There are 2 protein chains.
Amino acid sequence: MLDSDSLKRAQDQGKADHRQFQDIGYTRITDQIKKVPKGSVVLEDGSIIPGYPSIARIQALDPGLSKQFAGPFWAEEKMDGFNIRIFRHGEQVYALSRGGFICPFATDRMLDLLDEGIFQDHPDLVLCAELVGPDNPYLEGHSPQVQEDVGLFVFDMMEKNREGFLTQSRRMELLDQYALPRAEIFGRFTAGQRPEIADLILRLDEEGKEGLVLKPEDQGQRAKYVTGRSNTYDFSVTGQGLLDLPPEYFTNRLLRMGLFMAEHGQQQDHERLAELGHALMLGLFRGIDISRRQSRVGSLYRCRFNRRDSADAFIRHIEETGGDRVKVYKGMPKRQGDYWLLEFERVHQRMTGFLNQALQGGRQFD
Amino acid sequence: MLDSDSLKRAQDQGKADHRQFQDIGYTRITDQIKKVPKGSVVLEDGSIIPGYPSIARIQALDPGLSKQFAGPFWAEEKMDGFNIRIFRHGEQVYALSRGGFICPFATDRMLDLLDEGIFQDHPDLVLCAELVGPDNPYLEGHSPQVQEDVGLFVFDMMEKNREGFLTQSRRMELLDQYALPRAEIFGRFTAGQRPEIADLILRLDEEGKEGLVLKPEDQGQRAKYVTGRSNTYDFSVTGQGLLDLPPEYFTNRLLRMGLFMAEHGQQQDHERLAELGHALMLGLFRGIDISRRQSRVGSLYRCRFNRRDSADAFIRHIEETGGDRVKVYKGMPKRQGDYWLLEFERVHQRMTGFLNQALQGGRQFD
């Protein structure tokens, strides 16, 4: 879809970024070029792994479902983790981050998480999946299904050089045939089944899960709809970096929480409102405690690799992209059982400065 | 301090803005010029009413008090209302807003709120005061002392054409001599009295008051320190306009709340955390209710005037400065007892658009 001249021009215009990972050279598309979306990757043989598109959000089931879905749609669990695209090139399987980087961590761990046999039969297949769990190097917080290390949940399939996703039925067939780990598929619904969808989202909310992705039968506009408590949960895990996130991170979640509670008649739910207050302060209290004990406020990450050179490549990747914010602990990676363990910290620089100044009694102008 | 040439030049550079109010012409300084701060006003006779300076905030009494105050300081109540400067010119008393507009509302109401005799004896005096109460045209929320209409609380004094404030002792003398309404002065403290200041702020917090302004004996750097609950209160009254305030309005208050609770050992105070959750959702629920009943989400304001022409001038003022956001209700101002009542609404335009779209089931990209 992109000839080498176009690609060269795109690089000169800053819309494409050439990279090397081990033996594979690839070009990240950082800004849409013709019909090739941002996040796509062009391999050396010219084949393209399409970018994973953004999914719009609805904030009211009624009338959101009927407004967005004329026909039937599938409801699937929205996992809280990070989005990867898995593909085979030559003899190896790679995993791309949303931004189109080959992720040394996800690529290394595919070995444990996925039977790669599917790519023998379907070499052009691209699996879109969420990597979920506490031992992930990118995110604070995760879906409750994975309480240690990481797990893989396939939720979409694409093909190289082809727009759009495989159909729902084809995807479900392949998931079953290859027994792939997957995000839960709750079933097929129509907009008239708003009460069933409401029951489903309230159950996910009770279970501490993030929400739903609603997918029309085949191609067509999708929508996500998240639980109220996913907002509370996000506050509880990110509060110590409050000033290092865009402030809209917090205000948008407050809005979502309000709309969710109002739709589901929870305006008087004292316990849920109390949870919200606790969640908002939890991370701040943690940040204040850290700031009192040491000068630096950060969040700790840990993850495990099969191969030492993957860990080293990952360290180079986060140091390159995260700059001063990333502090890799001494002696890392270190051997732990069959794995190489990596522990590092992302420093919340604005929060560090603010809390130090405030707790040392400084004066601040608003 | 500013000759007419400098003033003319400042107007050409957009740093000064000439205005007319009834019989008085005046120039607002909108950007510091030499030593004349923003918010100052130059009258036709060349005399200057100095701007009211910002007061920096401390967020920890320990070690904030000892760090900021080498000598004794006075602790006074920080009122939750709007800041005015009151002065006499010719035979009339006027009130300026923080931005240097003569406020038709505050000017009209001085008659009821202040015995102007002090200006007979001290024609160059400028009283800095807070106008506080539910019937004010600018703010949602107010200190609990005033539960109807508005009240006046003098907290500083300046003189025309002179930098700085009158000394604490001189101000207290004049407050007593003229029996002026005032913000409460709790006494003189030193940094070693941190426990007494902590008790005082916790009492104010219980009483739903905003906080303290700490003023060194004479000139010198001041500091404000607010109660934890002032943040909760602000959330509860402003939430329906969440998207129309800067998002930092919310995140900064969360930070202040966290620092206050941590300093005063309230991290486990479940009731206070529950209050926070309630407060954050209260305004949103109100906004969602309004949005469901009518297309427009706004906040209602009401205030009363002695003179009809003041009300008319005030309407012109808010329509000029507030544009489309201001909707003055039909038939306003209307006679009510001895007053002219004005009711109007400030529309939360972004919140209106967002909630309408969300509640109608629209899709939104983050």
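Results, tabulated for the structure shown:
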| read-out | value |
| --- | --- |
| Charge context of B:Met110, other residues only, Cβ under 11 angstrom, K/R +1, D/E -1 | -2 |
| Compactness of the stretch A:1-49, expressed as Rg and Dmax over alpha-carbon positions, Å | 9.7, 29 |
| Distance between the stretch A:251-326 and the stretch B:286-339 - C-alpha centres, whole angstrom | 42 Å |
| Fraction in percent of alpha-carbon pairs per bin - 5 Å, the stretch B:230-282 | 4, 21, 30, 25, 13, 6, 1 |
| Ranked A:Ile24, B:Ile33, criterion: other C-beta atoms within 10 Å, fewest first | A:Ile24, B:Ile33 |
| Kirkwood Rh, angstrom, the stretch A:125-190 [1 / mean 1/r, Cα pairs] | 13.3 Å |
| Difference of contour (0.36 nm per residue) and Cα-Cα distance, B:Glu248 to B:Asp269 | 5.1 nm |
| Projected label distance in nm at B:Glu207 and A:Arg350, using a 7 Å step from Cα toward the beta-carbon | 3.6 nm |
| Proxy reagent accessibility, fewest Cβ within 10 Å first, across A:Phe250, B:Phe21 | B:Phe21, A:Phe250 |
| Sequence-separation-based contact order of the stretch B:1-145, relative, with Cα cut under 8 Å and 6+ spacing, percent | 18 percent |
| Label-point separation in nm, B:Lys34 to B:Glu319, each point 7 Å along Cα→Cβ | 3.9 nm |
| Per-residue ³J(HN,Hα) for the stretch A:158-170, Karplus 6.51 cos²θ - 1.76 cosθ + 1.60, θ = phi - 60°, Hz, x for Gly and Pro | 10, 10, 3, 6, 9, 6, x, 9, 4, 5, 4, 5, 5 |
| Exposure proxy ranking, count of Cβ atoms within 10 Å, fewest first, for A:His348, A:His89 | A:His89, A:His348 |
| Inter-centroid distance (Cα atoms) of the stretch A:46-104 relative to the stretch A:177-192, Å | 14 Å |
| Contour minus Cα-Cα distance for A:Glu44 and A:Arg308 (0.36 nm per residue) | 92.4 nm |
| Highest-fluctuation residue, A:Gly99, A:Gly323, A:Gly39 considered, GNM on chain A with Cα pairs under 10 Å | A:Gly323 |
| Whole-number Å³ per residue for the convex hull built on Cα positions in the stretch B:298-359 | 78 Å³ |
| Environment charge of A:Arg194, counting only residues whose C-beta is closer than 14 Å and scoring Lys/Arg +1, Asp/Glu -1 | -3 |
| Intensity falloff of the stretch A:51-226 expressed as log10 I(q)/I(0), Debye formula with alpha-carbon point scatterers, at q = 0.19 Å⁻¹ | -1.33 |
| Sequence-distant residues sharing a close amide H with A:Gly298 (under 5 Å, placed H) | A:His348 |
| Whole-angstrom Cα spans of the stretch B:165-317 along principal axes, big to small | 54, 53, 24 |
| Per-pair calculated FRET efficiency, R0 = 30 Å: B:Gln22 and A:Asp366 via Cβ, rounded to 0.05 | 0.35 |
| Rg over Rh, two decimals, the stretch A:15-91 (C-alpha only, Kirkwood Rh) | 1.11 |
| Distance-filtered residues of the stretch B:199-230 - backbone nitrogen under 16 Å, label point 7 angstrom along B:Thr190 Cα→Cβ | B:216-218 |
| Rotationally averaged projected area of the protein assembly as shown (alpha carbon convex hull; nm²) | 36.8 nm² |
| Paramagnetic reach from B:Gln294 in the stretch B:319-334 [backbone N under 12 Å; point 7 Å along Cα→Cβ] | B:327-330 |
| Estimated vicinal HN-Hα couplings, Hz - the stretch A:69-74 in sequence order (Karplus 6.51, -1.76, 1.60; Gly, Pro = x) | 10, 6, x, x, 9, 9 |
| Number of partner chain Cβ atoms within 10 Å, mean per residue of B:265-277 | 5 |
| Percentage of interatomic Cα-Cα distances in chain A larger than 35 Å | 30 percent |
| DSSP bridge orientation in chain B - percent antiparallel, rounded to nearest 5 | 95 percent |
| Normalised contact order of chain A, rounded percent, pairs of Cα under 8 Å and 6 or more residues apart | 15 percent |
| Mean ellipticity per residue at 222 nm, deg cm²/dmol - from DSSP H runs of n ≥ 4 across the protein assembly as shown, formula -39500 (n - 2.57) | -11500 deg cm²/dmol |
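Bear in mind that the values in this text are calculations on the coordinates, not laboratory data. All values derive from a computational prediction rather than experimental measurement. Methodologically, a virtual Cβ is constructed for each residue, glycine included, from the backbone with ideal geometry; neighbour enumeration extends over all protein chains shown.
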